[in-house]
Amino acid sequence: MPHWIHASGTNCKLVKPLIAHQINARHRQRARLADPVVWLSIFLLGVLALCALIALLGLVPHDPYELNVSNRFQPPSWEHWLGTDNLGRDTFSRIVYGSRVALYISLVGVGSAMCLGLLIGTIAGYGPRWLDNAILFVLDSARTFPTILLAMIIVTISGPSINTIVAIVIVSTLSGYVRLVRTQTLSLKNRVFIQAERSLGAGPIRIVSQHVIPNILSPLLIIACMDIPTVITLEAGLSFLGLGIRPPTASWGTTLQDGYAFIRNTPWLLVAASLPLISATLGFTFLGEALRDWLDPNLVNK
Amino acid sequence: MLANNLDIEGLSISFSNEGEELMALRQVSLSVPRHSIVGIVGESGCGKSTLISSIFRLPMENAIIKCGRIHVNGTDVLTLDEEEMNRLRGKEIAMIFQDPFTALNPVLTIGSQLIDIQYRQAISRKEKKQNVIAALQQVGIDRASDRFNQYPHQFSGGMLQRICIAMALLVKPTLLVADEPTTALDATTELQILALIREFHRSTGASVLLVSHHLSVIAELCDRVVVMYAGEIVEEGLSQDVFGAPLHPYTNLLMQCDPARIKEKARHLPSIPGTVSRVVKTSTECIFVHRCPQAVSRCSELVPETYSVEGRTVKCHLISNE
């Protein structure tokens with residue numbers, strides 16, 4: 001019998017006890033980094049953030065607003081990496097500038113819709129029945145309008161601008177968040193641990209902030225992440241229809257619109273504008289999936 | 001100093017169910033004396049849970065409190081407004097639930113939940129954490145400071161129930177209500193948890209109101225016992241009296257059905273024939289008459305009174321004959 005085996009047969013010397021927080025940290029790290037999807041999403045979103053930063057600092061090779069009509073419809077070259085558009089502007093610089101618009105709209109729009117949804121949804125779910133009915137009635141009425149129609153109404157009222165698009169994003173996604181939060185709150189409300197908190201004297205505000213919201217946050221963040229791509233395409237779509245960002249401001253939607261108009265002569269314009277759209281969409285979708293895995297405490301141990 | 005931690009007088013609660021009124025509790029009166037453990041036994045559906053949730057004034061949505069009074073340490077619970085009630089909950093009274101797996105928030109670490117529960121105390125977070133670790137050690141959780149950061153699903157059922165008891169330790173109630181605290185646990189864990197509850201009672205001096213299906217648990221732990229049937233208290237007294245010589249036929253039958261007390265080998269476990277009746281209108285007969293082996297003609301004609309016999313109460317006609 002080897003000397004390190006005790007009489008009881010258990011190998012005591014070699015088993016180093018794992019302390020709980022070490023186990024936790026190790027598994028969390030694994031859940032976060034093992035999946036290639038996570039790396040892909042980090043890469044894609046990193047590129048997007050870098051573009052926005054470059055645009056913010058103005059480090060693009062050409063002025064995205066500089067017209068050069070003699071140079072129009074240039075194919076991709078060393079001088080113009082993604083060619084030039086119908087007014088001779090550098091497409092690459094315009095795409096980089098457009099990322100700022102896309103990020104602003106998606107983060108501010110979805111972020112505020114999420115916060116509002118959290119507030120209204122918990123009130124509807126945890127508050128009195130009549131308030132719940134009233135909130136649902138208003139939101140359902142708003143939802144009967146098709147998004148585009150709603151967008152046209154809002155644009156007519158406040159004129160096309162970047163903040164109008166943010167408003168459209170909030171109005172069109174809010175009811176989804178409210179519904180998600182409300183249903184989750186309703187189902188949590190009758191769970192035993194909420195009853196336990198109530199039996200210990202916690203008031204509604206304490207219960208909602210300490211116990212309901214932490215339980216809703218992870219599905220909400222996941223949905224929000226998966227919504228961001230839709231919002232980016234919504235901006236592109238609205239700008240494409242002339243309801244969103246007005247030319248000459250650079251956005252992926254306006255570039256798409258130009259590309260679509262001249263699709264026979266300059267297909268690269270269309271490709272150049274859709275590539276960032278696709279990669280941003282994928283990036284946020286993957287991030288949503290990674291978040292789902294990471295935020296679920298039940299997956300920590302697996 | 002008040003003599004009782006809990007006084008319930010003539011409590012009647014009904015449920016409105018699709019236009020029908022279900023009388024879940026009828027004229028229930030019971031007391032929990034200071035520093036005592038009182039047990040409630042009875043079949044499922046006899047109103048035990050309704051009774052204890054009404055102490056916390058957290059009944060089901062369709063429950064209507066018809067009449068009666070509930071005094072916790074002399075305060076009439078039913079007349080308090082919501083804020084005063086919240087001050088009472090978790091200070092004077094605390095509760096341990098049946099299923100420890102659902103009684104803790106699954107997305108928060110147990111440490112943060114146990115710290116959170118001390119929000120009423122004006123002490124620093126560090127002191128709160130020390131309190132938590134002390135409480136966890138007191139309920140027998142090893143490596144408490146390591147397990148502090150774990151989530152509820154990383155614990156076993158017995159551990160979770162210990163954590164729930166630690167929670168009760170942290171709020172220091174004068175009355176602890178335990179709603180079948182060991183039903184979801186296995187037999188060995190059950191003993192440990194019961195020992196902990198007894199230890200809790202001894203060290204803090206708090207009273208305990210214990211609800212259980214297990215007669216042996218009640219007999220072992222409780223000073224007094226209350227036997228409930230179909231929303232009424234049928235027998236009440238010191239537990240050695242009630243279990244030693246049951247006076248009500250229902251208590252008698254319950255004891256005959258307790259597997260722990262069966263001496264002879266049998267193919268089938270004994271049971272009381274029939275089910276708990278749903279009472280929808282004021283009855284003119286004894287509620288137990290249809291299942292009672294000792295029923296006489298008077299039982300189906302007259303509602304029995306509650307008789308006092310040697311420090312215990314029994315609601316049965318047979319007593320009056322003696």
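The values are calculated or read from the model by the stated rules, or taken from the named source; none is laboratory data. Source: prediction; values computed, not measured. A quick note on method: Cβ atoms are made from the backbone with ideal geometry, for glycine too, and the neighbour counts reach across all protein chains shown. For accessibility, only protein heavy atoms count, side chains too; no ligands or nucleic acids. Shrake-Rupley method; radii C 1.70, N 1.55, O 1.52, S 1.80 Å.
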Look at segment A:218-231 and say how many of its residues are open to solvent by 40 Å² or more (accessible area, probe 1.4 Å) and facing chain B (nearest Cβ under 10 Å). 0
Quick check on my filter: what residues within segment A:32-66 are in contact with a Gly (Cβ under 9 Å, 6 or more places away or on another chain) and in a helix (DSSP H, G or I)? A:Leu40, A:Ser41, A:Ile42, A:Phe43, A:Leu44, A:Leu45, A:Gly46, A:Val47, A:Leu48, A:Cys51, A:Ala55
Among the listed residues B:Ile133, B:Ile141, which satisfies the condition of being within 12 Å of another protein chain (Cβ to nearest Cβ) and not hydroxyl-bearing (Ser, Thr, Tyr)? B:Ile141
Look at segment B:115-133 and say how many of its residues are open to solvent by 30 Å² or more (accessible area, probe 1.4 Å), within 29 Å of the chain's Cα centre (by Cα) and at pLDDT 90 or above. 2
Checking the condition crowded, with 24+ Cβ neighbours inside 10 Å and within 25 Å of B:Glu92 (Cα to Cα), which residue from B:Leu209, B:Leu196 passes? B:Leu209
Take A:Ser279 and decide whether it is at pLDDT 85 or above, under 25 Å from A:Leu40 (Cα atoms) and among the polar types (S, T, N, Q). yes
If you go through segment B:63-82 one residue at a time, do you hit one that is within 12 Å of chain A (Cβ to nearest Cβ) and outside any loop (DSSP other than H, G, I, E, B)? yes
Is it the case, given these coordinates, that A:Val171 is free of Cβ contacts under 8 Å to residues at least 60 places away in the same chain, surrounded by 16 or more Cβ atoms within 10 Å (Cβ to Cβ) and not charged (D, E, K, R)? yes
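One line per residue, one yes/no per condition, for (1) surrounded by 17 or more Cβ atoms within 10 Å (Cβ to Cβ); (2) farther than 24 Å from A:Ser175 by Cα:
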{"site": "A:Phe193", "(1), (2)": "yes, yes"}
{"site": "A:Arg198", "(1), (2)": "yes, yes"}
{"site": "A:Ala202", "(1), (2)": "yes, yes"}
{"site": "A:Ile216", "(1), (2)": "yes, no"}
{"site": "A:Glu235", "(1), (2)": "yes, no"}
{"site": "A:Gly259", "(1), (2)": "yes, yes"}
{"site": "A:Phe262", "(1), (2)": "no, yes"}
{"site": "A:Pro276", "(1), (2)": "yes, yes"}
{"site": "A:Leu287", "(1), (2)": "yes, no"}
What are the pairs with Cβ atoms under 7 angstrom where one residue, in segment A:116-132, is of a type in the set (Ser, Thr, Tyr) and the other, located anywhere, is surrounded by 14 or more Cβ atoms within 10 Å (Cβ to Cβ) and not in a helix (DSSP H, G or I)? Sequence gap at least six, or different chains. none
Taking A:Val166, is it within 30 Å of B:Lys91 (Cβ to Cβ), touching a residue at least 24 places away in the same chain (Cβ under 8 Å), more than 9 Å from chain B (Cβ to nearest Cβ) and part of a helix (DSSP H, G or I)? no
So A:Glu197 fits all but one of (1) within 14 Å of chain B (Cβ to nearest Cβ); (2) outside any helix (DSSP H, G or I); what number is the exception? (2)
